[in-house]
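The values are calculated or read from the model by the stated rules, or taken from the named source; none is laboratory data. All of these numbers come straight from a predicted model, not from anything done at the bench. Cβ sites come from the backbone with ideal geometry, for glycine too, and all protein chains shown count toward neighbours. Keep in mind that these areas ignore ligands, DNA and RNA; they rest on the heavy atoms of the full protein, side chains included. Shrake-Rupley method; radii C 1.70, N 1.55, O 1.52, S 1.80 Å.
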Amino acid sequence: MKLSVWTYEGPPHVGALRVATAMTGLHYVLHAPQGDTYADLLFTMIERRNHRPPVTYTTFQARDLGSDTANLFKTACQAAYDRYQPQAMIVGASCTAELIQDDPGGMAETMGLPIPVIALDLPSYQRRENFGADETFFQIVRTLTKPMERSENVTANLIGPTALGFRHRDDIAEVTALLGHLGIDVNVVAPYGASPADVARLGAAHFNVLMYPETGESACRWLERELGQPYTRVVPIGVGATRDFVREVADLAGVAPKLDEGRLRLPWYSASVDSTYLTGKRVFIFGDGTHVATAARIARDEMGFEVVGMGCYNREQARMIRALARDYGVPALISDDHLEVEEKIEELSPELILGTQMERHIGKRLGIPCAVISAPVHVQDFPARYSPQMGIEGANVIFDTWVHPLVMGLEEHLLHMFRDDFEFNDGAGASHHGGHGAAAPAEPRVEAETSGTDGPIWCADAERELQKVPFFVRGKARRNTESFAATQGLHRIEVDTLYEAKAHYAR
Amino acid sequence: MTRQDPPPPTLGCRDTPVIKERGQHEVFCGLTGIIWLHRKMQDAFFLVVGSRTCAHLLQSAAGVMIFAEPRFGTAILEETDLAGLADAQVELEREVERLLSRRPDIRQLFLVGSCPSEVIKLDLSKAAQRLSAKHAPHVRVLNYSGSGIETTFTEGEDACLAAMVEALPHTNARQLIVVGALPDVVEDQALGLLDALGIENVRVLPARRRDDTLAVGPNTVFALTQPFLGGTAAALERRGARHIPATFPFGEEGTTAWLRAVSKEFGVEAQLFDAVTDAPRDRARRAVAQAAETLRDKSVFFFPDSQLEIPLARFLTRECGMTALEVGAPYIHKGLVGPDLDLLPEGPRLAEGQDVDKQLDRCMAGRPDLTVCGLGLANPLEAEGFATKWAIELVFSPVHFYEQAGDLAGLFSRPLRRRELLRLEAAE
Ligand code: SF4
Ligand code: SF4
C-alpha cells in the first residue's frame with residue numbers, strides 16, 4: 001500500500017482507452033463500476049474531443065456482485081455491438097472487475113460475435129497507463145495484422161500516437177512531412193486515426209517509424225519479428241535528433257538522406273547574441289523516458305544549458321534514463337512520487353524545469369520557471385495552433401516554449417538598469433507575461449534586522465543590498481546566501497557574506 | 001408585492017410515473033465528494049483506500065490541482081495487499097501513522113472505502129475504531145464508503161455525513177441542525193437569516209472544524225440544504241431528530257419556502273418573517289429576472305448526475321420560465337424532494353437511474369435548448385449542436401439561498417448567451 005496524491009499515470013485500462021479513442025471503428029467494452037466513467041472527461045474535456053470515447057462501461061453495482069455481473073457484461077457487449085457495429089472490439093476489466101474475476105475475454109469469446117474480439121489482460125495492480133496503451137495496441141496488431149505484400153513504392157507506418165498524447169496530433173503531420181521529403185509515403189498511422197481495417201494492412205509498409213516507444217514499442221518489435229519490418233530507434237525531437245532520424249530513415253528506405261532546413265530557426269536563435277543569457281542555465285528534466293532523453297540532448301547541445309538532473313516516472317524506461325544520466329554525469333531519479341520529485345528539485349534548485357504538468361505546479365510553488373515537455377499534460381497543452389515537438393517545426397516550437405518562461409536576455413539588463421526608476425515596479429514581472437507574470441512573492445521591505453525562524457540573521461545593510469538584486473533572482477540569492485552562511489557556520493549575514501556567497505556560487 | 005407567493009401548479013409531479021432505467025451509467029462515484037468536503041472541513045483528511053483508478057479519478061475530477069498538498073490522498077492497494085487481508089490492515093495503519101505524524105494539523109481522518117476495498121472486504125470500520133482509540137483525543141477517525149458500486153457522485157457526501165451522525169453524542173437540547181456542506185459564504189448567509197428570524201441554537205453539519213460540542217437527540221430538528229442527503233436524514237432520525245420537510249433553498253421561491261418551513265417549526269411571526277426576507281427576496285427576484293430573459297420559454301433536459309435535478313428543474317420552470325422535457329436523477333427520494341415535485345408543473349418525464357445510450361436518443365429526439373449533463377457528455381453534445389451546462393459546476397459553486405439565486409440562473413443562461421454571441425458560421 002502506498003499513499004499517493006497526484007499520479008503521473010492512470011491505471012492500465014486508461015492506456016487502453018487512449019488507444020481505443022484514437023482509433024475509429026473499434027469499440028471497447030470495459031467491465032467496470034460506474035465511477036470509472038470519469039475517464040471519458042479526460043478526452044472530452046482535456047483534449048476537447050467532440051465525440052464520446054468508444055467505450056461501453058458495464059457499470060456493475062454492489063447488488064450485482066456474486067449474482068450476475070457476468071450476464072451484465074454479456075448484455076453490455078451485445079448491446080454495444082448492436083448499436084455501434086464496430087469492425088473489431090476490445091474487452092477487458094478495470095481494477096475492480098479484475099478482483100471479481102469474471103473473465104471478460106472468455107465470456108466475449110463464447111458470444112460468437114461476427115467480428116474479431118480482442119481480450120485484454122491488463123494487471124491493474126502492477127502496471128500503469130503507458131503499459132496499458134502499449135499492450136493494447138500490441139494485442140490489436142497481433143490479432144489483426146496479417147503478412148502481405150509490400151507496397152510498390154517505399155512506405156512506412158507511423159506507430160505510437162494515441163489520444164491524449166502530448167502533441168501527437170501535430171507530430172504526425174511533421175513526421176509525415178519529413179518522410180515526404182525523402183519520397184516516402186505513409187502507409188498507416190496507428191493507433192491515431194486508424195481503423196481495424198487499417199491495422200490489418202500495416203504489413204504493406206517497408207518499415208515502421210516508432211514515434212513513441214512508450215505506446216508503440218511492443219507492436220513494432222512484433223512487426224519486426226513476424227513481418228520482417230524494421231523500425232526506427234531515433235525519436236526526431238530536436239535538431240540533432242531530427243537529422244539523425246532522417247539518416248536512419250534514408251538508410252532503411254535505401255534513399256539518399258535529405259532534410260529541408262529552410263524553416264529551421266532554432267540554431268540561429270540559439271546562436272544570436274540575445275541568447276547568451278541562456279548559457280549554462282541549470283535545468284532539471286523530468287517526464288516520460290523518451291521526452292526526457294530527447295530534451296536532455298536539446299538542452300545541452302542545442303540550447304547551451306547545464307543539465308543538473310533528470311529522471312522519468314515510467315519504470316519501463318528506467319534503464320535507458322539511468323544510462324543517459326551517467327553520460328551526463330548527473331543523478332537519475334526514477335520515481336512516480338511527485339513529492340520525491342519536488343524534493344529533488346528543491347535540492348538542486350535549477351533555474352528552469354523541463355517537466356510535466358506536475359512539475360509546472362512544483363515550479364509554481366518553488367518560484368522556478370517550468371516548460372512542459374511530456375505527458376501528463378493539461379488542457380492548455382492541447383493548443384489550437386500547430387505546435388509539434390518533432391521535426392523542424394518541433395525544434396522551433398521547443399526553442400520558443402523553453403525560453404518563454406525565462407526573462408529575455410536584453411530585458412534582463414534593461415530591468416536591471418531601470419530598477420531604481422520610480423515608474424519601475426519590482427512586482428511587474430517579465431513584460432511578455434502580462435498581468436500574470438508577477439511570480440515574485442511579496443517580500444517584506446525590512447529596515448531592521450530580520451531573520452527566518454531558524455535561518456541566519458540578515459543585518460539591515462545586507463538586506464538592503466539584497467533588494468538591489470533583480471527581483472527575479474532575488475529569491476535565489478537569498479537562498480544561496482543563507483545556505484552559504486549555514487555551511488560557514490555564520491549566524492549573521494553581512495553585505496560581505498552576500499558577496500562571498502555570490503563568488504562561491506559563481507560559474 | 002414580494003410577499004405574494006406564486007400559487008403552486010394545479011398538478012405537480014409528485015405522482016408522475018417514474019421511468020426506472022438500468023443500463024450504462026455515466027456518472028462519478030461517491031469519492032468525488034471529497035473534492036468539496038475537504039475544502040469545507042479544514043482540519044479533515046480523506047484517505048481513500050483504493051486503486052490507482054480511484055487516485056486518478058480524484059485528480060481528474062479535481063480538474064485543477066492548485067493545492068500544494070491537498071488534504072486527501074489514496075492509499076493504493078498493491079498485489080501484496082490483495083494476497084492477504086491481515087497485511088492490508090497493518091499496511092493501512094502504517095500509512096496513517098506516517099500521515100498523521102507529518103500533518104499534525106489533522107483532527108479528523110476519514111477512511112474512505114472504494115470498490116476494490118469493498119470487493120476484498122477490507123474492514124475499514126475496524127481500522128477506524130482501532131486508529132481512533134490510538135489517536136484520541138487529538139484525531140477522530142471515521143469511515144464511510146464512496147465506492148462506485150454503492151454510491152453515485154453526491155451520495156459520497158451523504159455517506160460521509162451519515163458516518164459523522166453515528167459518532168455524535170446525545171443531547172436533549174432543543175436545536176436546529178442545518179445539514180449539507182455549503183461554501184462558507186453561503187452558510188454564513190443562511191445562518192444570518194436564521195439568526196435574524198430569532199431562531200436560536202442553530203448548528204451546522206458538517207462544521208468547518210471538528211466540533212466536539214455538536215450533539216443530537218429527540219429535541220433536535222434538522223433541515224437539509226441538499227436533496228441527496230437521504231442516508232444522513234435517516235441516521236439523524238434514528239438518533240431521534242425530526243426532519244423539517246421543505247423545498248430546497250434554490251432560487252427565491254425555494255429559499256423562501258425553506259425558511260418558511262423552518263420558521264413555522266419555531267413559531268416565527270409572519271411580520272418578522274416578512275421584515276427579514278422582503279429585501280433579499282426582492283434582490284433575488286431582480287437578479288433571477290435578468291438571467292431569465294435568456295431562459296424564458298426555452299426547454300431543458302437533465303441527465304442524471306447529482307440528485308439536484310428535481311429542485312433545479314423546479315427553479316428553472318417556476319422562476320425562470322423554462323420548460324423541462326426530461327428530469328433524470330440517479331435516485332429519486334420522494335421523502336426529500338416531494339415538496340419540490342409538488343411545485344414542478346406537470347409535463348416533464350421523470351427518470352431514475354440511467355441508460356445513457358437510450359437517454360441520449362431521447363435527448364436527440366427532444367432537441368432541448370439546454371442540456372444539463374456530466375463532463376463526459378458535454379462536448380460531444382455541443383458538437384452535435386446542443387447547448388450544455390456541466391452539472392458538476394452546480395455542486396462546486398455557491399448556488400444556494402437568496403444572494404446566489406441570480407448566479408444560479410446565470411450558470412444556465414451563460415451557455416445560451418454564448419451561443420447567441422458567437423458568429424462563427426462558415427462563410428457561404
Ligand atoms: S468507481 Fe470504484 S474503482 Fe472507480 S474510482 Fe470510484 S471507487 Fe474507485
Ligand atoms: S494550472 Fe495548468 S496544469 Fe495545473 S491543473 Fe490548471 S491547467 Fe492543469
If each Cα of chain B is one equal point scatterer, what is log10 of I(q)/I(0) from the Debye formula at q = 0.14 Å⁻¹?
-1.32
Give me the percent relative contact order of segment A:318-399, please, defined on Cα pairs under 8 angstrom at least 6 residues apart.
17 percent
Using 7 Å Cα-to-Cβ label points, what is the A:Y84/B:R130 separation (nm, one decimal)?
4.3 nm
State, as an integer percentage, the relative contact order of chain B based on alpha-carbon contacts under 8 Å between residues 6 or more apart.
19 percent
Taking a spot 7 Å from the Cα of A:R300 along the direction of its beta carbon, which residues of segment A:337-360 have an amide N less than 15 Å from it?
none
Give me the one-decimal Kirkwood hydrodynamic radius in Å for the protein assembly as shown, with the sum taken over alpha-carbon pairs.
30.6 Å
Using alpha carbons only: equivalent-ellipsoid semi-axes of segment A:240-295, gyration tensor based, whole Å
28, 19, 7
Sequence-distant lysines (8 or more away, or on other chains) whose Cα lies within less than 27 Å of A:K258:
none
Just tell me which aspartates and glutamates come within less than 15 Å, Cα to Cα, of A:K364; anything on the same chain fewer than 8 places away is out.
A:E342, A:E343, A:E346, A:E351, B:E69
What is the mean projected area of the alpha carbon convex hull for chain A, to one decimal in square nanometres?
27.6 nm²
Given the Cα-Cα distance of B:L422 and B:D342 and 0.36 nm per residue of separation, how much length would full extension add, in nm?
25.0 nm
In bins 10 Å wide, starting from 0, what share of all Cα pairs of segment B:175-265 does each bin hold, as a percent?
16, 55, 28, 1
Placing unit charges on C-beta atoms (Lys and Arg positive, Asp and Glu negative, everything else neutral), compute the dipole magnitude of chain B about its Cα centre in debye, rounded to 20.
660 debye
Cα-centre dipole for chain A with unit charges at Cβ (Lys and Arg positive, Asp and Glu negative), debye to 20
760 debye
Share of the protein assembly as shown's accessible area from carbon and sulfur, percent, 1.4 Å?
51 percent
Where segment A:15-163 is the region considered: accessible area per residue in Å², 1.4 Å probe
35 Å²
For the pairing of chain A with chain B, what total accessible surface becomes buried, with a 1.4 angstrom probe, in square angstrom to the nearest 100?
5200 Å²
For a Förster distance of 25 Å, can you work out the FRET efficiency between the beta-carbons of A:Q467 and A:E346, rounded to the nearest 0.05?
0.55
Can you give the translational diffusion coefficient of segment B:95-218 in µm²/s, computed by Stokes-Einstein from the Kirkwood radius over Cα pairs at 37 °C and 0.692 mPa s?
202 µm²/s
Inverse of mean 1/r across different Cα pairs in segment A:152-211, Kirkwood, Å:
11.5 Å
Calculate the dipole size of segment B:315-428 relative to its Cα centre from +1 charges on Lys and Arg beta carbons and -1 charges on Asp and Glu beta carbons; express the result in debye to the nearest 20.
100 debye
Could you work out the longest stretch of chain A that avoids the chymotrypsin sites (Phe, Trp or Tyr not before Pro) located in DSSP loops with at most 15 other Cβ atoms within 10 Å?
A:1-385
With unit charges on the beta carbons (Lys and Arg positive, Asp and Glu negative) and the dipole taken about the Cα centre of chain B, which residue among B:T32, B:S132, B:P330 sits farthest to the positive side?
B:S132
Counted charge near A:A88, where neighbours are those whose Cβ lies closer than 13 Å (Asp, Glu -1; Lys, Arg +1):
0
Under a point spin-label approximation (7 Å from Cα along Cα-to-Cβ), what is the B:Q271-A:V495 distance to one decimal in nm?
7.7 nm
Segment A:292-371 - Kirkwood radius from inverse mean 1/r over Cα pairs (Å):
12.7 Å
Under 15 Å Cα-Cα from B:K358, which aspartates and glutamates qualify once same-chain neighbours fewer than 8 residues away are excluded?
A:D82, B:E21, B:E26, B:E326
Over segment B:30-151, what number does the Rg to Rh ratio reach, with both radii from the alpha-carbon atoms and Rh per Kirkwood?
0.94
Looking at segment B:155-258, which GluC sites (Glu not before Pro) are DSSP coil and have at most 14 other C-beta atoms within 10 Å of their C-beta?
B:E200
Calculate, for B:A173 and A:Q126, the FRET efficiency according to 1/(1 + (r/R0)^6) with r their C-beta to C-beta distance and R0 56 Å; round to the nearest 0.05.
0.55
State, as an integer percentage, the relative contact order of segment B:175-265 based on alpha-carbon contacts under 8 Å between residues 6 or more apart.
29 percent
